[in-house]
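Have a look at the structure below before the remarks.
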Amino acid sequence: GDPISGNQSLKNFGTRKGMYLDLAYFDWKPAALPGLGISAGKTKNPFICVGDHLWDSDYNPEGIGLNYAVGGDVKLMVNGGYHWIQERSADDDSMMYGGQLALNVKAGEMSTVTFGGSYYGFTEVEGRQVFDWQGEERSYGNSTVNLIDGTTTNKAYANGFGTAEGFVQVAFDVAIPVTVFGSYAVNGEADEDDTGFMAGIKLGNAKEPGTFEFGYDYRKMEANVFPGAFTDSDSFGGGTDAQGHRFKAAYQIHKNFQSAVTFFLNEKKISNPHDYNRLQVDLIAKF
């Protein structure tokens with residue numbers, strides 16, 4: 001049931017593995033407004049993500065999403081979302097409201113440039129108990145304060161989140177497909193440790209059977225740039241307040257199966273770093 005991971009590790013004495021509902025939504029495309037799509041339910045992430053440093057690529061939000069695109073070689077894209085983060089029966093819910101504006105420019109037959117900006121705002125976060133789907137009060141790197149209720153002490157967020165992001169991605173062919181991308185983000189509701197960035201390159205595209213891809217990126221995520229519960233769950237073991245490299249190679253075995261090897265050379269705790277190195281081998285099945 002992990003909201004930011006689709007992995008199933010093979011361990012624990014051969015125990016049975018659970019099956020979960022990943023997506024359940026409706027998608028409306030009104031004929032009167034070509035290019036507009038509105039979705040509601042447990043949906044795909046409606047935002048363009050040139051990396052997974054803010055939103056884990058496995059995260060499928062619950063709420064309403066909007067996508068609008070118009071144009072040809074120069075395409076304007078407007079995306080938005082209003083998502084439930086944590087429901088509280090006796091108090092206000094924590095929500096995320098976001099908007100994004102981007103341009104996709106076709107530069108020749110085999111080249112495109114996509115660039116834009118996003119804003120992600122979160123309500124009812126500062127002073128609220130940390131988001132942890134397992135109820136273990138992990139802050140995922142974010143700064144916290146103690147929340148005291150009688151004899152119970154819980155972790156609460158020390159600041160809110162209103163994160164602005166600028167991003168760019170350039171894709172072209174030089175015998176093989178090449179994609180170069182980068183993103184920079186700032187949380188305007190934090191007084192310190194409020195920035196993060198990611199930059200990387202991908203060579204090839206493991207899509208058709210027998211094809212390869214190789215990728216590299218570097219990311220630095222200060223503690224309060226974004227809620228750590230939603231960032232990439234593999235880099236640094238998840239969360240923020242960390243930095244480092246990721247190297248990945250993938251091979252498409254069959255149209256439904258891909259093998260991948262990823263190595264993470266990271267440091268956790270930026271102000272007092274310690275090494276986090278991880279080798280991950282995956283068999284990815286999609287149907």
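The values are calculated or read from the model by the stated rules, or taken from the named source; none is laboratory data. Quick caveat, the model's predicted, so the values are computed rather than measured. A quick note on method: Cβ atoms are made from the backbone with ideal geometry, for glycine too, and the neighbour counts reach across all protein chains shown. When the accessible area is computed, the model is the full protein with side chains, heavy atoms only, and any ligands, DNA or RNA have been set aside. Shrake-Rupley method; radii C 1.70, N 1.55, O 1.52, S 1.80 Å.
Note on the stretch 186-264: with charges restricted to the Cβ of Lys and Arg (+1) and Asp and Glu (-1), its dipole about the Cα centre is near 720 debye.
Of 237, 35, 63, the residue with the greatest mean-square motion in the GNM of the chain, using alpha carbon springs below 10 Å, is 35.
Taking only alpha carbon atoms, the stretch 173-285 gives an Rg to Rh ratio of 1.04, where Rh is the Kirkwood radius.
Based on every Cα atom in the stretch 29-129, Rg and the maximum pairwise Cα distance Dmax equal 15.9, 56 Å. Per-residue SASA remark: residue 62, around 100 Å² accessible (1.4 Å probe; ligands, DNA and RNA not included). Sorting the segments 23-31, 154-162, 240-248 by their mean number of nearby beta carbons within 10 angstrom, highest to lowest, gives 240-248, 154-162, 23-31. Each Lys or Arg adds one and each Asp or Glu subtracts one; over the other residues with Cβ under 13 Å from the Cβ of residue 183, this totals -2.
What the phi angles of the stretch 82-94 give under the Karplus curve with 6.51, -1.76 and 1.60, with θ = phi - 60°, is a coupling list of 9, 10, 7, 9, 9, 8, 10, 5, 10, 7, 5, 7, 8 Hz, glycine and proline written as x.
Averaged over residues, the count of other Cβ atoms within 10 Å places the peptides 114-120, 14-20, 101-107 in the sequence 114-120, 101-107, 14-20, highest first. Summing +1 for each Lys or Arg and -1 for each Asp or Glu among the other residues whose beta-carbon sits under 14 angstrom from that of residue 63 gives -2.
Extension gain for residue 106 to residue 119 (0.36 nm times residue separation, less C-alpha to C-alpha distance): 2.2 nm. From the cross-link list 42/155; 42/202; 220/269; 17/286; 42/248; 207/286, which pairs have alpha carbons spaced over 20 Å apart? Among 42/155; 42/202; 220/269; 17/286; 42/248; 207/286, the Cα-Cα distance tops 20 Å for 42/155; 42/202; 42/248. In plain terms, the chain from residue 174 to residue 93 could stretch by 24.2 nm, reckoned as 0.36 nm per residue minus the Cα-Cα distance.
Here the chain is treated as a sphere whose radius is the Kirkwood value from Cα pairs; by Stokes-Einstein at 37 °C and 0.692 mPa s it diffuses with a coefficient of 160 µm²/s.
Across the stretch 221-230, coupling constants 3J(HN,Hα) worked out from phi with the 6.51/-1.76/1.60 Karplus curve, θ = phi - 60°, read 10, 5, 4, 10, 5, 6, x, x, 5, 10 Hz, and Gly and Pro carry x. Amide H to amide H, with H built 1.01 Å from N, residue 85 comes under 5 Å of 94, 95, 96, counting only residues 5 or more places away or on other chains.
Coupling constants for the stretch 254-261 follow from the phi torsions by the Karplus curve (6.51 cos²θ - 1.76 cosθ + 1.60, θ = phi - 60°), and in residue order they are 8, 4, 9, 10, 9, 10, 8, 10 Hz; glycine and proline get x.
Apolar share of the accessible surface for the chain: 56 percent from carbon plus sulfur atoms, 1.4 Å probe. Working note: Cα atoms of the stretch 200-264, range along each principal axis, descending, whole Å: 41, 20, 15. Ranked by the mean number of other Cβ atoms within 10 Å of their residues, highest first, the peptides 190-201, 77-88 fall in the order 190-201, 77-88. Shown here: the stretch 166-220, whose C-alpha atoms stretch 49, 17, 14 Å along the first, second and third principal axes, sorted largest to smallest.
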